[in-house]
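What follows is a set of notes on a single structure, which appears directly below.
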Amino acid sequence: MAYAGGRAIDTPFGTLWSGNLTPDRETGLGKWTPDDFWRAMHQGRSRDGRALYPAFPYPYFTRISRQDSDDLFAYLQTLPPVSKAQRPHELRWPYGSPVALNLWRWLYFREGPAATEPNRDPRWLRGAYLVQGLSHCGACHTPRNRWGASQDALDLGGAMMPDQKWFAPSLRSGAQGGLGDWSAQDIVALLRTGVSARGGSSGPMARVVLHGTQHLDPVDLEAMAVYLQSLGPGKDTTTAPVADAGPLHGKGLTAPTGKGRRDGVVLYDRHCAACHGEAGEGRPGVYPPLAGNRTVQQNPINNLIQIVLNGGYGPATTGNPRPHGMPPFVLQLDDADLAALLSHIRSAWGHRAAPVTELQVQQARKTP
């Protein structure tokens, strides 16, 4: 049942289980008050005062207004009550101890809204509020340290998603997911429908669009676009070509030559050219171009491998109810074939990205 909890949240420290947000009086929020809910959102504490684990993203929700907190609580109180008890978390020692949690909070959690910039355009301020707080984009797109804390919750500099094989690209770097050169119209289209003239969403981002951003008011989507367009390069973001970025992802390797190169061309002609074109040009509104595609050239290469292995599927949204998808090749191509194919794509049409190795493909196939 929706909002009844019990979903596993895998982390590097063990598994957490989501709570019941329905108004059931014994296992959900039925006995909670707006003040209790505000304390959870703003302070990261439950109704009984105990500290909550930050898998519930209160380090971001602490920025939201009291009015929005009250409105969220009012909505949750209208849901059908479902009796579903909280499943105990399964964290390795010492991460499951109250001492460790309170120490983490003392080190990394700062209660309260982000500093305001009163001289900014009202749309920028609204977009910053939505991106930094309610939408908590930084929960995926900001790097974390070894303890699972964001060094700078507003950085949005790109990060591997914990215990997933997907990379949330930098929203600052033009070589990754930066939107500074996108039009506001294209950003709004991507967040509202999952597809735009500049690119589409798949993997975890497709779920964000499906369950979240497609339901936002167009004015709020435009405000988010204004804010995202304004992001400059972060302190950890490089403007170097993507082929030179990132350790352990092909750095220092040379482009494929000889038989490996020929095999990649043959595999592309056999499996890809019919949709994506002989020159990687794609088909507007149907199949994305591969020539000049940032995901193709991006490092780390996780997203490209995942899409080819497991298929590329956009969200079925109100604005795009029948998205075009790409079938998985996990059973058709072995590690050597996939490495050759992707290496060809990353070096064709003027691309200068590093080749893909069989080891990288093998690692991507493994379950977490």
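Read the figures in this text as sums done on the coordinates, not as results from a lab. Since the structure is predicted, the reported quantities are computational estimates derived from the model, not experimental observations. Here the Cβ is made from the backbone with ideal geometry for all residues, glycine too, and neighbour counts use every protein chain on show.
Consider the range 323-359 and keep the residues that are within 19 Å of Glu278 (Cα to Cα) and among the charged types (D, E, K, R). The one that is surrounded by the most Cβ atoms within 10 Å (Cβ to Cβ) is Arg346.
Return yes when Arg39 is without any contact (Cβ under 8 Å) to a residue 12 or more places away in the chain and either crowded, with 16+ Cβ neighbours inside 10 Å or closer than 27 Å to Arg126 by Cβ (or both) and no when it is not. Answer is yes for this residue.
Taking residues in the range 73-97 that are touching a residue at least 12 places away in the same chain (Cβ under 8 Å), and partners anywhere that are basic (Lys, Arg) and surrounded by fewer than 16 Cβ atoms within 10 Å (Cβ to Cβ), the pairs with Cβ atoms closer than 8 Å and at least 6 places apart or on different chains are Pro81/Arg25.
With respect to Ile307, is the statement that it is out of contact with any helix residue (DSSP H, G or I) (no Cβ under 7 Å at 6 or more places or on another chain), in a helix (DSSP H, G or I) and surrounded by 17 or more Cβ atoms within 10 Å (Cβ to Cβ) true? Yes.
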